[in-house]
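Comments concern the structure below.
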Amino acid sequence: MQTQADAGKKGWRPPSGLAGAAFWLASWFCLLLLLRLLPGSIGTFFSIVQILVGIALACVAIPLAVRIVRRKMLWSLRNKLVVTYLLIGLAPVILFVTLVLISAYVAAGQFSIHLADSRIQEELNQMANENSHRIGHLAQLVQSRQALPNGDLPADTANGSTTTRLRLHRDMAVYINGAPFDPTRTHGKMPLGLPPWATELKGHQFQGLVIDGDDLYLTVVDQERMNDGRMISLVDSLIVDSKVMDMIASGLGRTQIFAEPLGGSEPDSLNAVPSTPRPSGSIRARARERVRVARQAAIVGGAQPPKASLIDTQVHFLSTIGVVDWDTGEHDNIPIKVDSRPSQLYYQLFGASLGGIVTSAYRVGLIVLCVLFALIELLALVMAIRLSKTMTASVSDLYDATLRIDKGDFNHRIGVTREDQLAELSRSFNKMTLSLQRLLIEQKEKERLQNEISIAQEVQANLFPRQIRSLPTLELHGICRPARSVSGDYYDFLIFHEEAHNGVPDRRETGVGIAIGDISGKGISAALLMATLHSAVRAYRFASEELVFSESAVEGLLASRDEKGGDCDELFQSPGRILSLLNRHLYRSTQPEKYATLFLAHYDADSSMLTYSNAGQLPPLVLGRDNVVRRLDQGGTVVGLMDGMSYEEDRFQMRSGDIMVAYSDGVTEPENDFGEFGEERLMEVVSRYRDQPLHVISSQVMQALDAWIGAEEQPDDITLVLARQV
C-alpha cells in the first residue's frame, strides 16, 4: 500500500526543455487536426493555426532529433560504423541506381523524340528525291509551252499551281521567277504559295517543316534555272495531319506536335536569301494569337501502347523540333511530345534480335545477377556489424590510453591479446609512449641547439662588413650567401686612414685591405674557424705592434709612417708576411685537418697600387678596360695545414675601369647537366654589366647562378667581392 501511494504521489511528468516543447507542440497539432474539421470560418481559422503550429513543431523537432541521434545513437563507435557502412556502401548504390533510372528515362525520351524526328526526315528525304527527279522534266515542259500556240499544258501540270495528289495528300506547285505558272487558272486558296525569300534559294533546294498560317507542312522546294534565264521552282508539300502523325508514331506510341513556336531566331543566311522586313503580323504575334487554340488543337497521331509488364512504365517526353515560318523564312522551334513505353523503344532499338533462346538466357542471367548482388550487399552488412564488435573494443582501449597519456601518465600500457592489425595498433601505441618520452627530451635539446645556431647567425652577421664604404678611387662591394644556417666563407674590408693631427676627427683614407677566404668543411665548425680567421686578420691589422720585427725594421716602418702620415697600414702592406703569421697561428690553434684558403691584398689610394698574396684561394680575376683578364695567383699553399710556410707577393697598378673579381668555389663549381658554371660564365656576366653599379653586377651574377643551379639545393657557400678602380 505504501509503494502504491508513493507511486501515485510521483505520477507521470511530461519531459522538459526542448523535448517538452516538442511534446506540447505535437499535442496541440493533433488537437488542431480535429478542430479544423469544424465548418465555416472557424475551421479555416484552426487550419491556419495548425499550419503555424506545424512549422513551429518542425523547427523544434529537427534539432531535437539531431541531438538524440548524436548523443544516443552515434556516440557508440559500433553504431557509427554501421551508419558509415550504410553511407559508404548502400548510399552510393541507391544514388547509382537512381542516376541510372533517371538517365535511362532521359535516354528513352530522347530516343523516342529522335525516332519521331528521323521519320519526319525520312519523309522529307523521300519527297526531295522525287522532286529532284521531277524538276528537270517540268523545266522542259515549261520551255516547250512557248512553242504551243494555244498555251495548253499536259494534264499533270495544269490548274495554275499544277497540283497532283500523291500518297498522304501531297501537293505540288510550279512557279516561274516566284510567280504561279498559270495564275489565271487557280482554284481558290492554294496551300503555301512561294514567298519572296524562297524565289531563289541558296543551293536551289530547301526541305523542312514549315508553318503557314495555322497549318504545318512537310515542304520540299527544288529550283532550276532554264536556258532563257528564268528560275523554275517546284514546291512539294505534305500537310501535317493525323495521318502523317500516325505514320510518325507507328510502333512508337502517341505523338503530338503543337503548332506553337517557342520564340523565333534570325533567318538562316545559309539556306535563304535575305527576306523582306517582318510585317507586324510576324510568326511570334500570330503564335500568341493562336496559343489558346494551338494548345487544344494539337496534331495527334498514334495510340498509347499497352503495358507489357509491371515495370513497363509510361515514358512522357517533351522536346522541340525546328520549324520555318513560310512567310518570312525565320527559323523557330515548336514543341513535340511523345508518349511511349520502354518495351516499344526496346523493340525499336533491337528489332528482331529480341527473340530466341539466347535473348531469354540473357534476361534470366541478368535477373539472377541482380538477386546475387542483393545477397552480397546483405552479407556485407552483416559482416560489417560483426566486425565492428571487434573494432570497438580496441578503439575503446586506445581512447582510455589517450586520456591517461593526456594526463602525463607515460607509463600506461594497453593490454593486447589478439593478433590482428588493431592489436598491432595497440602495440604501436605502447611503443609510441616510449618514443614520446624520448622525443620530448630530444625536442628540448633541438630547441636549445636552434637557439644557439640563431645566436651564431647573429654573431657571424656582425663579422661581415655592415656598411661597405668605398674609397674615392676604388669602389667596393661584397656579398656572402650561406648554403646552410651559417657560412664557412669569409671576406672583409679594412680601411686605412692617415694619422690624425691636432685632434682633427676626419682623416683621409689612404688605402684598404681586402680579404676573402674559404674554410674547409661546412656548418658550425667552419663558421667557428671563420670567426677565428676573421679575428686573427683584424688582430694583425690593429695590433701590429705584436708582429716580430727587428728593431731597425720597426724604426724604419715608424719613420715611414711619420713621413706618409698613416697609422699602421705599412705593416699590412706585406700580405705575404701576414699570411705566414696566420698560417702559424692556425696551425698551432686548430686540429690538423682544419685549414683555410685566404687571399689578402693591400690597395694604396695614392698610387692605385695593389699588393697581394694568395694562400690557396681561387685566383681573383682583374678585368681590364681592354677585356684582358689578369689572374692573381702568386702566393703559396693553404694556411693552417703545415707550419713554417712562406708566401710570395706580387703587385700591380690598377687602372681606371679595372674590376677585381674575388670569389669562393661556391660561385664557379655549381653543376647541372651542362657542367660547371665556371670562370668564363662569371666573367661574361661581369663584362656585360661592367659599367653598372657593383651591386647590380653582383645581383646579375647571383641571378645567373640561381638559373644555373635551378631547383636543386645550393651546394656550397657563395661569396663574391668586387673592387673597381674609378
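Where a number appears in this text, it was derived from the coordinates with a stated rule and is not lab data. Every value quoted in this text rests on a predicted model; they were computed, and no experiment measured them. We place every Cβ from the backbone using ideal geometry, glycine too, and count neighbours over all the protein chains shown.
Under a 5 Å amide H to amide H cut-off, with H placed in plane at 1.01 Å, what residues pair with Val323 once short-range neighbours are removed?
Hits under the 5 Å cutoff: Asp332, Asn333, Ile334.
Contour minus end-to-end for Asp400 and Val629, with contour as 0.36 nm per residue of separation and end-to-end as the Cα-Cα distance?
Contour length minus Cα-Cα distance gives 74.8 nm.
Using the per-residue mean of other Cβ atoms lying within 10 Å as a proxy for protection, in what order, highest first, do the peptides 228-241, 594-607 fall?
594-607, 228-241
On the Cα set of region 17-74, report Rg and Dmax in Å, please.
For region 17-74, the Cα-based Rg and Dmax read 14.1, 48 Å.
So, in nm, how far is label Glu200 from label Gln714 when the simple model puts each one 7 Å beyond its Cα toward the Cβ?
Distance between the two pseudo-spin positions: 8.0 nm.
In nm, to one decimal, how far is the Gln692 label point from the His497 one, both placed 7 Å along Cα→Cβ?
About 3.4 nm separates the two model spin labels.
Using modelled amide H (1.01 Å from N, peptide plane; none on Pro or chain starts), what sits under 5 Å from the amide H of Ala605, excluding residues fewer than 5 places away?
HN-HN under 5 Å from Ala605: Gly511, Val512.
Which far-off residues, 5 or more places away or on another chain, put their amide H under 5 Å from the one on Asp650, with H placed in the peptide plane?
Those qualifying (amide H under 5 Å, at least 5 residues apart or on another chain) are Tyr612.
Using a 10 Å cut-off on Cβ atoms, rank the peptides 444-451, 118-125, 429-436 from the highest mean neighbour count down.
118-125, 429-436, 444-451
Using θ = phi - 60° and the Karplus relation 6.51 cos²θ - 1.76 cosθ + 1.60, list the HN-Hα couplings for region 309-316 in order, rounded to whole Hz, with x at every Gly or Pro.
7, 5, 8, 7, 6, 7, 10, 9
How do 683-696, 246-259 rank on mean C-beta neighbours within 10 Å, highest first?
By packing density, highest mean first, the sequence is 246-259, 683-696.
Could you go through region 691-706 in sequence order and give the Karplus-derived ³J(HN,Hα) for each residue, using 6.51 cos²θ - 1.76 cosθ + 1.60 with θ = phi - 60°, rounded to whole Hz, and x for Gly and Pro?
So the J values, rounded to whole Hz, are 8, 7, x, 4, 5, 5, 4, 4, 5, 5, 5, 5, 5, 5, 5, 4.
Please find the FRET efficiency linking Ala384 to Leu33, where r is the Cβ-Cβ separation and R0 is fixed at 41 Å, and quote it to the nearest 0.05.
Efficiency, rounded to the nearest 0.05: 0.50.
Please work out the FRET efficiency for the pair Ser319 and Ile94, using the Cβ-Cβ distance as r and a Förster radius of 30 Å; give the result to the nearest 0.05.
It comes out at approximately 0.55.
Rounded to two decimals, what is the ratio between the C-alpha radius of gyration of region 372-454 and 2.2 N^0.38 Å?
Region 372-454 yields a ratio of 1.69.
In whole Hz and in residue order, list the ³J(HN,Hα) couplings for region 22-34 that follow from phi through the Karplus curve 6.51 cos²θ - 1.76 cosθ + 1.60, θ = phi - 60°; x for Gly and Pro.
Working through the residues one at a time gives 5, 5, 5, 5, 5, 5, 4, 5, 5, 5, 5, 4, 7 Hz.
Set the Förster radius R0 to 56 Å, insert the Cβ-Cβ distance between Glu648 and Gln437 as r into 1/(1 + (r/R0)^6), and round the FRET efficiency to 0.05.
It comes out at approximately 0.40.
Once you list every other residue whose beta carbon is under 11 Å from the beta carbon of Leu474, what net charge do they have if Lys and Arg are +1 and Asp and Glu are -1?
-2
Report the gain in length on full extension from Lys407 to Gln703: 0.36 nm times residue separation, minus Cα-Cα distance, nm rounded to one decimal.
Separation in residues times 0.36 nm, less the Cα-Cα distance, equals 101.2 nm.
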